[in-house]
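Chemist: Before I ask anything, let me first share the structure, which is written out below as structure tokens.
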Amino acid sequence: MDEVVKQFMKKFDLAYIVGFSGGSDDNKELVQKVIEESIMYFKNQPLAVLTGGTTFGVPKYASEIAKDNGMKTIGVLPERGEKYALKSLDLKLVAEPRYSTSEFGDESEVFAKLLNGVEIIGGSAGTAIEFYHIMKINDRKLNPKYSETPVYIAPIEGVGGFSSQINSTAIFKKLPEVFPSDKLYYGGDAAKFILNKLGLY
């Protein structure tokens, strides 16, 4: 899978992967507006857009809006979710279960490892799994022993769900350098934060 992604990025001359993680259909119009604002900043950059790759909620909106604006899209999903995969994805990655049968959440490890930056919009348990997996990786990357570039995280306020709870988590306070200093309510501000951290804005 690693080599497939590397070849994909090389083929389209892309340097970074930014993701959208979040809920399904809560506050649909507001969520779409946040994503549209973000893509306006992302679309002319050497970025691929990563989502859960399914035909509902944030993965659907982000993938379709990115495609409409000429961006390349990657979807990562579990075997159980393959039947819900968006047909328009430029690259579909299917995560096999490490144990027993496939479940949603099996893909979270791959999703977290692919990212350079991510916007979190609403969400519940699945989004929380992705967030904490990313933060576990960041915990190592920011250890002075490794000093690697972390995954930057832009949680969106005002859309409900998990993203509005992130600022109150203990891990937020432990690793503040991966988050914006102020709360974010607009997609443009979230995109600018990520682009700035990646040296693209």
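The numbers here are math on the coordinates, done by the rules we state, and not lab data. Computed from a predicted model, the values in this text were never measured in an experiment. All Cβ positions, even for glycine, are placed from backbone atoms using ideal geometry, and neighbour counts span all protein chains on display.
Chemist: Hey, which of these cross-link pairs are over 22 Å Cα-Cα: Lys11/Lys87; Lys11/Lys197; Lys136/Lys174?
Modeler: Check vs 22 Å cut-off fails for Lys11/Lys197.
Chemist: Okay, moving on. Within segment 61-133, which chymotrypsin sites (Phe, Trp or Tyr not before Pro) sit in a loop by DSSP and count at most 14 neighbouring Cβ atoms inside 10 Å?
Modeler: Qualifying residues, ordered by number: Tyr99.
Chemist: Once you put a point 7 Å from the Cα of Tyr201 and another 7 Å from the Cα of Asp139, both along the Cβ direction, what distance in nm separates them?
Modeler: Computed distance between label sites Tyr201 and Asp139 equals 2.9 nm.
Chemist: Put +1 on the Cβ of every Lys and Arg and -1 on every Asp and Glu Cβ in segment 89-151; which of Ala112, Val94, Thr149 then has its Cα farthest towards the positive end of the dipole?
Modeler: Thr149
Chemist: Once amide H atoms are placed 1.01 Å from N in the peptide plane, what residues at a sequence separation of 5 or more from Leu86, or on another chain, have their amide H within under 5 Å of its amide H?
Modeler: Thr54, Thr55
Chemist: Hey, another quick one. At 0.36 nm per residue, minus the direct Cα-Cα distance, what do Tyr185 and Ala125 gain on full extension? Give it in nm, one decimal, please.
Modeler: 19.5 nm
Chemist: Ignoring solvent entirely, what values of log10 I(q)/I(0) come out of the Debye formula for segment 2-197 at 0.08, 0.16 Å⁻¹ when each Cα is a single scatterer?
Modeler: -0.23, -0.98
Chemist: Report the trypsin sites (Lys or Arg not before Pro) located in segment 126-177 that are in a DSSP loop and have at most 10 other Cβ atoms inside 10 Å of their Cβ, or state none.
Modeler: When the trypsin sites (Lys or Arg not before Pro) of segment 126-177 are filtered for loop state and at most 10 Cβ neighbours within 10 Å, Lys145 remain.
Chemist: Could I have the simple spin-label model distance between Lys87 and Lys43, label points 7 Å from Cα toward Cβ, reported in nm to one decimal?
Modeler: 2.4 nm
Chemist: Given the options Ser163, Ser108, Ser181, which has the most mean-square fluctuation in a GNM of the chain, springs set between C-alpha atoms less than 10 angstrom apart?
Modeler: Ser181
Chemist: With +1 assigned to the C-beta of every Lys and Arg and -1 to the C-beta of every Asp and Glu, and no other charges, what is the dipole magnitude of segment 2-197 about the Cα centre in debye, to the nearest 20?
Modeler: Charge dipole, segment 2-197, about its Cα centre: 420 debye, nearest 20.
Chemist: Of all trypsin sites (Lys or Arg not before Pro) in segment 1-100, which ones are in loop regions per DSSP and have a Cβ with at most 14 other Cβ atoms within 10 Å?
Modeler: In loop regions of segment 1-100 (DSSP not H, G, I, E or B), the sparsely surrounded trypsin sites (Lys or Arg not before Pro) are Lys87, Arg98.
Chemist: At what distance in angstrom do the alpha carbon centres of segment 64-129 and segment 1-36 lie from each other?
Modeler: Distance between centres, Cα-based: 9 Å.
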